[in-house]
1. May I ask you to list pairs of residues, at least six apart or on different chains, whose Cβ atoms are under 8 Å apart, with the first in segment 91-110 being outside the structural domain of A56 (by TED's automatic domain parsing) and charged (D, E, K, R) and the second being at pLDDT 95 or above and assigned to a helix (DSSP H, G or I)?
2. Do we have G295 as at pLDDT below 95 and either surrounded by fewer than 19 Cβ atoms within 10 Å (Cβ to Cβ) or at negative phi (or both) here?
3. Given the options L57, L18, name the one that is part of a helix (DSSP H, G or I), out of contact with any Ser or Thr (no Cβ under 9 Å at 6 or more places or on another chain), of a type in the set (A, V, I, L, M, F, W, C) and touching a residue at least 12 places away in the same chain (Cβ under 8 Å).
4. Of the residues in segment 231-281, how many are assigned to a helix (DSSP H, G or I) and either more than 28 Å from A33 (Cα to Cα) or touching a strand residue (DSSP E or B) at 6+ places or on another chain (Cβ under 9 Å) (or both)?
5. Among A186, A224, which is the only one that is assigned by TED's automatic domain parsing to the domain that holds L299 and either surrounded by 14 or more Cβ atoms within 10 Å (Cβ to Cβ) or more than 15 Å from A148 (Cβ to Cβ) (or both)?
6. If the requirement is being assigned by TED's automatic domain parsing to the domain that holds V145, out of contact with any strand residue (DSSP E or B) (no Cβ under 9 Å at 6 or more places or on another chain) and part of a helix (DSSP H, G or I), which of these qualifies: A76, A81?
7. Answer yes or no as to whether G230 is over 25 Å from the mean Cα position of the chain (by Cα), in contact (Cβ under 8 Å) with a residue 24 or more places away in the chain and crowded, with 19+ Cβ neighbours inside 10 Å.
8. Give the residues of segment 204-221 that are under 22 Å from L325 (Cα atoms), surrounded by fewer than 21 Cβ atoms within 10 Å (Cβ to Cβ) and not assigned by TED's automatic domain parsing to the domain that holds I362, sorted by residue number.
Amino acid sequence: MRPAPRALAFDILLPAVLGAATGAVVGALSQLAEGIALPALASLPGFWPALFSPLALLVTLVVSRRVTRAAGPATAELYIATYHQPQGRLPLAQIPGRVLAGLTTVGFGGSQGLESPSAVLGASLGQLVGARRGLGEAERNTLLVAGASAGIAAVFSSPGVGALYGIEIPWRRDVDAPRLVPCAVAAACAYGTRAALVGPVHLVRLEHAPAIDPLFVAGAVVVALAAGLGARIFASGTELAHELAHRHSPLLRACAGGLLLAALAAAGYALTGRWITFGPGYIAAQWLLSAEHLGGLVLVVLLIRSAGTLVCVYGGGGGGVFTSLACTGAFVGEVIARLAGRSDDAYALLGAACLLGAAYRIPLATMLYVAESGGGVGLSMIGIGGVALAQSLAGSISVSNAQHDTRSVP
């Protein structure tokens, strides 16, 4: 048993400092890519912004070859792969290049976000903090995990999701519960720091708690079922994108993917007047929830947006699909809301949680995502059931190939 002062320093103080540092850096990077670069690109006249979309993959390819100098694993898999290595250590020399690759992908209009680079960045800061003398191997690994949680809490603007990300994402059917406290502290401090410096950005935010009645519950069940099916489809699409990527050279993938990305961006803009394929999904979600749209149009935009994300996976984008999955789920929920004649955003929130949780195998994190939304106890209970139902329907699929099934030891 550790002495109380050491436990306090390791479980609370070090994760708090780590979380605050990660939140500040991730907040600044998010503001640079999503608050400055994307608005500047979108402000160009006519369809000019679409012409820059190929650079999201071509410039990222140059960064990967000249700065990162590593072909694999992908940034989206790096933290998970490192977690499962005995005495795993992140390649710190690659981190600046991986973060820069994420920035170029997002900043030039790729349909990805900074979640994976943020998780890796936070984990690398945790690794640096853990390198101090006097810490054991288990304590150093815990700080790495807490740093990943802090990165996700900051970039996704969700302390609940971040608190469980680091300990849940490495597994398909397990969770590293003993590290919960440091991860929760780091996530809370990361979110608070980001919110104080640049403000949070929420994909779906409820204005008020929805009225819970049998019809609402029935619709929520449909949302969960559709999200679980959507998770299976997206995971299959991701697997196909990876298979195609192995058959083609990086330059061919970047060129072909860039042209497809430009075409999808132009099509999305022609339909909506917004650059809905740009970035992790906040532009698309803002369009979705800002006004009433026909269900058919929402469905078409959903397909365009999801196709853009899969093209980035195929073309070697440097970002992640975390927020993109939640955005896809929000569209699924909104399609069902339109069919049910509902005007609030509760189904969009449930869809985001259900599809993200099912596709990435993180049900506990996404249950907390619903609970922290401000929708009340009733919606939180429905969220728990909905995420569980979507997870069950999705089966054993996952968008990550690096995850392990369960731990071999208790």
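1. Hits for this filter: zero, empty list.
2. For G295, the condition - at pLDDT below 95 and either surrounded by fewer than 19 Cβ atoms within 10 Å (Cβ to Cβ) or at negative phi (or both) - is met.
3. Within the list L57, L18, the selection yields L18.
4. Going through segment 231-281 one residue at a time, the tally reaches 8.
5. A224
6. A81
7. It is false that G230 is over 25 Å from the mean Cα position of the chain (by Cα), in contact (Cβ under 8 Å) with a residue 24 or more places away in the chain and crowded, with 19+ Cβ neighbours inside 10 Å.
8. Scanning segment 204-221 gives R205, L206.
The values are calculated or read from the model by the stated rules, or taken from the named source; none is laboratory data. Predicted model only: the values in this text are computed from it and were never measured. Cβ coordinates were reconstructed from backbone atoms using ideal geometry, including for glycine residues, and neighbour counts include every protein chain displayed.
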